[in-house]
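Chemist: Here's a structure for you.
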Amino acid sequence: MKLFKVAALAAIVVSASAFAGSVPQFPGHSGPNSELNIYQTGSGNSALALQADARDSTTTIRQNGSSNAADVGQGSDDSTISLSQNGFHNSSTIEQWNSKDSTIAVSQYGGGNGALVNQTASDSTVTVRQVGFGNNANAKQY
């Protein structure tokens, strides 16, 4: 049933001309009780999200404004990725793999901000908050 909901959400997200998104969450690969959510308002936003072998995990992408881009991947159990981008031309690449009980929270407000986050450490948290224009963050935790 979750696959059907994700497929329906993906169809809605991809079919709207102002929104673009991809939500692969494969049966047998995404764990039970996992969620993958993409919310976009504005124009020209794009999101690519992959959640595989992630049991009891959540990935949420929220983009408001224009021309924001997100590329998010998660394969960690009992873990969370939360991305919020508000403004224009913000971009994020977030990867969380092979860990457990970990959290990544990225929020960007303004324009032209960029975040690159990679985490494989268990029981860990990465938080990135950027406000303004032209900020860049690169966080890696192994």
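Read-outs throughout are calculated quantities, based only on the coordinates presented, and are distinct from any laboratory measurement. Everything numeric in this text was worked out from a predicted model, so none of it was measured. All Cβ positions, even for glycine, are placed from backbone atoms using ideal geometry, and neighbour counts span all protein chains on display.
Chemist: Can you list residues from other chains, or at least 5 along the same chain, whose modelled amide H is less than 5 Å from the amide H of K100?
Modeler: The list, which skips near neighbours in sequence, is S122, D123.
Chemist: Another question, if that's okay. Work out the P(r) tail for the stretch 32-134: percent of alpha carbon pairs separated by more than 24 Å, whole number.
Modeler: 18 percent
Chemist: On to the next question. Return the whole-Å distance between the Cα centroid of the stretch 34-73 and the Cα centroid of the stretch 109-138.
Modeler: 15 Å
Chemist: Net charge near S84, counting Lys/Arg +1 and Asp/Glu -1 over other residues with Cβ under 13 Å of its Cβ?
Modeler: That sum, taken over residues with Cβ under 13 Å, equals +2.
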